[in-house]
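K.L.:
I am attaching a structure below and will ask some questions about it afterwards.
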Amino acid sequence: MAKTLKDKVVIAGIGKTPQGAIEGSTALGLGIEAFKNAVADAGINKNEVDGILTHPGTTSPEGATHYLRFAQAVGINPRYSHSLVMGGGSGGALVQSAVMAITHGLADYVACIFGDSARTGGTRFGGAMAGGNELSQGIWGMFGPHANSAMGARRHMALYGTTSEQLGHLAMNIRNNANLNPDAVMYDRKITVQDHQDSRYIVDPLHLLDCCLISDGGVCMILTSADRAKDLKQKPVYLSGIGQAYQAVSFENDEWWYLTHQRTALADAFAMAEATTDDIDVAQLYDNFTISVLFWLEHAGFVGRGEAGPFVGEDRTALGAELPVNTAGGNLSESYMEGWLHIYEGAVQMRGDGGPRQVDGAKLCLTTGRGLNLNTSNAIIMRNDD
Amino acid sequence: MADYTKPLPRIDDNTDADSRAFWDAAGEHRLVMQRCTQCGHIRWPIGPVCTQCLTEEFEWQTLSGRGELHSWVNFHQPFHPEWAKEAPYNVALVKLEEGPIFLSNMVECEDSELAVGAAVEVAWEDATEQISIPKFRLLQD
Ligand SMILES: [Zn+2]
């Protein structure tokens, strides 16, 4: 495993917008607002940004040419720029592109940007499965993003005895974190395990409280070379390890539901960072549905195969427990920014800025992302200088 | 049969490969898939080349129609107006004897009878005069 990218690039600035239902918002406007906030946070002039990498929102009309529209809107002619559409895997993949570009001198300050008005902009996440063949046409009633995860949850339950109550503990602990985050959509709404059990089924075995939110919002991270770390306005957050991996073959792959590509992405990130699970103090694990967190825990090696049910069921992912997970509230309870806020919160924790939800003395954070019918994945290990 | 209102296969919309042979066979209650004439691999979904050796040439092989229940879910949330009328309804994945995993529905059973690994066999639903849709039932022994 090449270690040439380890600690070469830092997060210099982070920005976000209010989250939730923002009437009148647009994907472009939200991305710009997040970018402005990240530029201010980094303490740089926006014209120092020479890399623009964007993840078009579900409501961005430009599709894969979004980077040009965004750069035009903020008046920047970048040296390095593209858009990428990997759903919840986009943020991590763009951060990796930025790390490579900066390490090799292709750009100095790269902004990674996402904005979407999925909540008020009319996005429908309920379409049939992607792909131009019989599997995508609704012939067997397969619609929306829930069912693949529900299929995986069913198998995990059948093979390993995982229970819905265990998922309820996870949902509650992530919600407890959101209750400590004033910016979280669910900041003032507490839930119990019983609330989870009583919530209606969306796609059985997944209840409503197993599912992420749908949100408007924007997020931006500005990255630069670690050589500039000592001159930065903010405490630098080093990107120590990054991996990505994909699963394109599902129907000829008996292990599709277990998402084994995630194991590859995690292994590459840990190898690059020269770290083990024992070194991880806090984790931001992509939680489109509760069950996803269990797969991340097992593939990272925090627990063995099939063992994540009891781990989350015994509240071992709670703040103050051995592995705090999704300290800002995650996709489930903070906001559904397709994993971008997971990276943002990782930086917050590494700066020590988490306030009441800060993991004391945290030095290493694992963040993960995954998208497009579970098929794109990546993992980032970030650290501070402490 | 004229009142089947759920989505039917859009056979000529498949831009990846010709799926008419699949549905013609289904009309005769035969479940078929493409078998590579070079390496023998059976691929799914329908595609232009063998996923193992990239050979274009294939023959349509009639499958046994048997397999085991890989997983299933129950849709409660309405995503489609016609399917919603049947909610909650199951969607199942069947691991076929010949290898591929097939998306379908379990019929002629109660949800309480379903179990991962259960033996199943194809059961044809004649949706229209032309179209029969492969579904699965629990294999009684
Ligand atoms: Zn072949």
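The values are calculated or read from the model by the stated rules, or taken from the named source; none is laboratory data. Given the structure is predicted, the values throughout are model-derived calculations rather than measurements. Glycine gets a Cβ as well: all are built from the backbone with ideal geometry, and neighbour counts include every protein chain shown. Accessible surface areas use protein heavy atoms only, side chains included; no ligands, DNA or RNA. Shrake-Rupley method; radii C 1.70, N 1.55, O 1.52, S 1.80 Å.
K.L.:
What shape does the range A:157-294 take by its C-alpha gyration tensor, where a ≥ b ≥ c are the square roots of the eigenvalues and a/c under 1.5 counts as rounded, a/b above b/c as prolate, and the rest as oblate? Display every interim value, and only then the final one.
P.N.:
Working: a/c = 2.19, a/b = 1.29, b/c = 1.69.
Judged from the Cα gyration tensor, the range A:157-294 comes out oblate (a/c at least 1.5, b/c at or above a/b).
K.L.:
Another question, if that's okay. Could you pull out the pairs from A:LYS46/A:LYS363; A:LYS190/A:LYS230; A:LYS190/B:LYS95; A:LYS6/A:LYS46; A:LYS8/A:LYS46 whose alpha carbons sit more than 32 Å apart here?
P.N.:
Values: A:LYS46/A:LYS363 30 Å; A:LYS190/A:LYS230 41 Å; A:LYS190/B:LYS95 41 Å; A:LYS6/A:LYS46 26 Å; A:LYS8/A:LYS46 22 Å.
Among A:LYS46/A:LYS363; A:LYS190/A:LYS230; A:LYS190/B:LYS95; A:LYS6/A:LYS46; A:LYS8/A:LYS46, the Cα-Cα distance tops 32 Å for A:LYS190/A:LYS230; A:LYS190/B:LYS95.
K.L.:
Related question: How many angstrom lie between the C-alpha centres of the range A:274-302 and the range A:134-203?
P.N.:
Their Cα centres are 17 Å away from one another.
K.L.:
Please figure out what share of the DSSP beta bridges in chain A is antiparallel and state it in percent, rounded to the nearest 5.
P.N.:
Of those bridges, close to 75 percent are antiparallel.
K.L.:
For the range A:56-209, build the convex hull from the C-alpha positions and give me its volume per residue in Å³.
P.N.:
Enclosed volume per residue, from the Cα hull, is 191 Å³.
K.L.:
Accessible surface of A:ARG69 in the full protein assembly, 1.4 angstrom probe, to the nearest 10 Å²?
P.N.:
It works out to around 100 Å².
K.L.:
Give me the log10 of I(q) over I(0) for chain A at q = 0.07, 0.13 Å⁻¹, as the Debye formula computes it from C-alpha points; what are the numbers?
P.N.:
-0.27, -1.01
K.L.:
Sticking with this structure for a sec: Nearest 0.05, what FRET efficiency do B:GLN38 and B:ASP111 give at R0 = 51 Å with Cβ-Cβ as r? Spell out each step's value before the answer.
P.N.:
Working: r = 42 Å, r/R0 = 0.83.
Efficiency computed from Cβ-Cβ geometry: 0.75.
K.L.:
Report the label-to-label distance for A:GLU307 and A:THR260 in nanometres (one decimal), using points 7 Å from each Cα along the Cα→Cβ vector.
P.N.:
A separation of 2.0 nm, rounded to one decimal place.
K.L.:
Computed FRET efficiency, Cβ-Cβ of A:ASN253 and A:ALA40, R0 41 Å: what is it to the nearest 0.05?
P.N.:
Values: r = 46 Å, r/R0 = 1.12.
After rounding to 0.05, the efficiency reads 0.35.
K.L.:
Quick check: the distance between the Cα centres of the range B:50-67 and the range B:89-103, to the nearest angstrom?
P.N.:
16
K.L.:
Per the helix-only calculation at 222 nm, which mean residue ellipticity applies to chain A, given -39500 (n - 2.57) for every DSSP H run of n ≥ 4 and division by its residues, nearest 500 deg cm²/dmol? Intermediate results must be reported in sequence, preceding the final value.
P.N.:
Working: 10 runs with 116 residues, N = 386.
Helix contribution divided over all residues of chain A: -9000 deg cm²/dmol.
K.L.:
Given labels modelled 7 Å from the Cα in the Cβ direction, how far is it in nm from B:THR5 to B:ASP126?
P.N.:
For the pair B:THR5/B:ASP126, the computed spacing is 2.3 nm.
K.L.:
With a cut-off of 8 Å between alpha carbons and a minimum separation of six or more residues, what is the relative contact order of chain B in percent? Write down the numbers at each step before the final one.
P.N.:
On the way: 266 pairs, mean separation 30.9, N = 141.
RCO, chain B: 22 percent.
K.L.:
Let me ask something else about it. Run the simple label-point estimate for B:GLU97 and A:ASP231 please: 7 Å along Cα→C-beta, distance reported in nm.
P.N.:
Distance between the two pseudo-spin positions: 7.1 nm.
K.L.:
Still on this structure: Quick check for me: using +1 on Lys/Arg Cβ and -1 on Asp/Glu Cβ, what's the dipole size of chain A about its Cα centre, in debye to the nearest 20?
P.N.:
Dipole magnitude for chain A comes out near 620 debye.
K.L.:
Let me ask another. Let me know the shape class of the range B:64-141, please: from the alpha-carbon gyration tensor, a ≥ b ≥ c as square roots of the eigenvalues, rounded when a/c is under 1.5, otherwise prolate if a/b is greater than b/c, or oblate.
P.N.:
Oblate, since a/c reaches 1.5 and b/c is not below a/b.
K.L.:
Largest first, what is the accessible-area ranking of A:HIS82, A:HIS207 with a 1.4 Å probe?
P.N.:
Output order, biggest surface exposure first: A:HIS82, A:HIS207.
K.L.:
Next question, about the same structure. Would you mind getting me the FRET efficiency between B:ASP13 and A:ALA321? Use the beta-carbon distance for r and R0 = 60 Å, nearest 0.05. Don't skip to the end; give the middle numbers.
P.N.:
Working: r = 51 Å, r/R0 = 0.84.
Plugging the Cβ-Cβ distance into 1/(1 + (r/R0)^6) gives 0.75.
K.L.:
How many Å² of accessible area per residue for the protein assembly as shown, probe 1.4 Å? Walk me through the numbers before you get to the answer.
P.N.:
On the way: 19610 Å² over 527 residues.
Result: 37 Å² of accessible area for each residue.
K.L.:
Given the range B:11-62 reduced to its alpha-carbon atoms as identical point scatterers, what log10 I(q)/I(0) does the Debye formula return at q = 0.21, 0.30 Å⁻¹?
P.N.:
Cα-only, vacuum Debye calculation for the range B:11-62: -0.71, -1.18.
K.L.:
Run through the range A:178-274 and list the trypsin sites (Lys or Arg not before Pro) located in a DSSP loop whose Cβ has at most 16 other Cβ atoms within 10 Å.
P.N.:
Hits after loop and neighbour filter: A:ARG189, A:LYS190, A:ARG200, A:LYS233.
K.L.:
Can you give the translational diffusion coefficient of the range A:1-50 in µm²/s, computed by Stokes-Einstein from the Kirkwood radius over Cα pairs at 20 °C and 1.002 mPa s?
P.N.:
Once the numbers are plugged in, D ends up at 166 µm²/s.
K.L.:
Starting with the highest mean, order A:328-334, A:24-30, B:81-87, A:234-240 by the number of other Cβ atoms within 10 Å, averaged over the residues of each peptide.
P.N.:
Per-residue Cβ counts within 10 Å, averaged per peptide and sorted highest first, yield A:328-334, A:234-240, A:24-30, B:81-87.
K.L.:
With bins 10 Å wide starting at 0, give me the P(r) of chain B over every alpha carbon pair, in whole percents.
P.N.:
11, 37, 37, 13, 1
K.L.:
Using a Cα-Cα cut-off of under 13 Å, which aspartates and glutamates could be cross-linked to A:LYS16, ignoring same-chain neighbours fewer than 8 residues away?
P.N.:
A:GLU33, A:ASP41, A:ASP116, A:ASP183, A:ASP216, A:GLU334, A:GLU345
K.L.:
Then there is this: Would you compute, from DSSP H runs of 4+ residues alone, the mean residue ellipticity of chain B at 222 nm, taking -39500 (n - 2.57) per run and dividing by the full residue count, rounded to the nearest 500?
P.N.:
Using -39500 (n - 2.57) per qualifying helix, the result is -2000 deg cm²/dmol.
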